Amino acid sequence: MEKLKAYTAEMATSHLDETRIINRMEVTVATKNVPFAGTDARVFLNCGSLGNYFLNTDGEDDFEMGTIKTYTFETNFTLGDLRKTIIELGHDNSGKNPGWCVGGFRLQIKLQDSDILYLYKLWEDIGWLVIDKAPYFADVAELQEGV
C-alpha cells in the first residue's frame, strides 16, 4: 500500500543545536470540516525508534468532522534524533467509519532547561487517509523522511 507523502520544512527549531534534549512533545491534529471527514479508527503518530504514540482519548470521539485536539507526551531524545527519524501519522483502519480527512498537524517540542514550546513543523491540508477509496488508498501519511 502506498503512503501519502506530505513533507514540510523545519520551522522555529532549525537554528538549534541537534544535541539539545527534547523532554516534551505536543501534537495538535485538525480533522477537516467536510462531510465524512471524521474517523472511528485508532490514530497514531509513529516516530520510528523514538516511539509510537496513540492519539485517541478513551471514551471520546477525538477525530470527528471539524475537531482540533492536542496531545502531550513526555520524551527523552535529542533534536538530532527527531530530525533523522521518519515521522508518520496514520490510523489502524478500525471502527465503523475508518476513513479520515486530516486538515492539519502541528508538532511542537519543549527542550530540556527551557520554558519555550518551539514549533518544530506544521503541516496544512494533509488530506484523506482511507484505504478503500480511489485515488487515496493510504492509511498513513509520511510527514518526514528519515535520514
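Below, the figures for the structure above:
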| read-out | value |
| --- | --- |
| Filter result for ILE109 (among the β-branched types (Val, Ile, Thr), surrounded by 18 or more Cβ atoms within 10 Å (Cβ to Cβ) and either farther than 27 Å from VAL130 by Cα or free of Cβ contacts under 8 Å to residues at least 24 places away in the same chain (or both)) | yes |
| Within segment 12-56, tally of residues that are assigned to a loop (DSSP other than H, G, I, E, B), within 27 Å of ASP81 (Cα to Cα) and touching a residue at least 12 places away in the same chain (Cβ under 8 Å) | 12 |
| Hits in segment 115-135 (condition: more than 12 Å from VAL27 (Cβ to Cβ) and in contact (Cβ under 8 Å) with a residue 12 or more places away in the chain) | TYR118, GLU124, ASP125, ILE126, GLY127, TRP128, LEU129, VAL130, ILE131, ASP132, LYS133 |
| In segment 68-91, residue surrounded by the fewest Cβ atoms within 10 Å (Cβ to Cβ) [restricted to those that are over 19 Å from GLY146 (Cβ atoms) and at pLDDT 95 or above] | GLU74 |
| Failed item in (1) part of a strand (DSSP E or B); (2) modelled with pLDDT under 95; (3) over 19 Å from ASP139 (Cα atoms); (4) not basic (Lys, Arg), with CYS101 passing the rest | (3) |
| Failed criterion for GLY59 (all others in (1) closer than 24 Å to GLY127 by Cβ; (2) modelled with pLDDT under 95 hold) | (1) |
| Cross-chain or 6+ apart pairs with Cβ under 7 Å, segment 61-80 first and at positive phi, then in a strand (DSSP E or B) | GLY66/THR31 |
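The values are calculated or read from the model by the stated rules, or taken from the named source; none is laboratory data. Keep in mind the model is a prediction, meaning the values are calculated, not measured. Backbone-built Cβ (ideal geometry, glycine too); neighbour counts: all protein chains shown.
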